[in-house]
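Written below as structure tokens is the structure these notes are about.
None of the figures in this text is laboratory data; all of them are computed from the coordinates on show. Everything numeric here is computed off the predicted structure, so don't read it as measured data. Using ideal geometry, Cβ is built from the backbone for each residue, glycine included, and neighbour counts are taken over all protein chains shown.
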Amino acid sequence: MFNQNQGFPFKTHMPSRNSNQDTVISSSGAEKSKKSQCIVVDSRHRNTVVFPNPGKFQVKFNASDKFVGANVGYTLNNVYTVQLTECLLPKGFEDTYPYLVLKIPELDNSLEGTNTILGTSFAILIPDRIIGNTVHCRVNGQCYCFKKFIPTLASLGKFTIEIYTPDGTLYDFKGSKDVDDASIQNMMIFEIVM
């Protein structure tokens, strides 16, 4: 459970496993040696000088001690699957757009679509429910939030989170608010199978 005193105006639960992930983990032979790791990506930890808008920022894996910004303390090696299992966005976009588009260039695309933005995206972020000022996006069990690498991805050094409108414009969560305002931040949980 996230602490409401740390700037999140909501409570959430850890996502349940998707059937795609269960298949990977429970199948026979070498597949059983795969391990699953959840990575929480929080836009509050980004380098706000380089990335003032939480709609675009980088998360490094095993960055140097001098790195300023979002960092996960180890490198991801032999990545088999990446799945978005939870996505919380600030309220406001759902009044104008039926969905937002998540691109992570380092993962290539996991979708094909009727235009360039859809055909280069990792996931479609469809509003599911609103709790307070937070939009929970529908992600569990959906093919549009999952990427499988065959052969495995040898190493992953960073994610660049980019959130776009359906017409391909980077979504401006910030507007006129301060870069560290809690009401403009987003949070995602990815399950990585290695």
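The calculated Kirkwood hydrodynamic radius for segment 107-194 is 15.2 Å, given to one decimal from all distinct C-alpha pairs.
Computed extension length for Ile39-Lys177: 47.0 nm, one decimal, from 0.36 nm per residue of separation with the Cα-Cα distance subtracted. Amide H contacts of Ile131 (H built 1.01 Å from N, in plane; Pro and chain starts excluded): His136 sit under 5 Å, all sequence-distant by 5 or more or on other chains.
Within a straight-line Cα-Cα reach of under 18 Å, Lys103 can be paired with the following aspartates and glutamates, leaving aside sequence neighbours fewer than 8 residues apart in one chain: Asp42, Glu86, Glu112, Glu162, Asp167, Asp172, Glu191. Karplus-based coupling profile of segment 78-84, in residue order and whole Hz: 6, 6, 9, 9, 10, 9, 7, with θ = phi - 60° in 6.51 cos²θ - 1.76 cosθ + 1.60 and x standing for Gly or Pro. Projecting label points 7 angstrom from Cα along Cα→Cβ for Glu106 and Asp65 puts them 2.2 nm apart.
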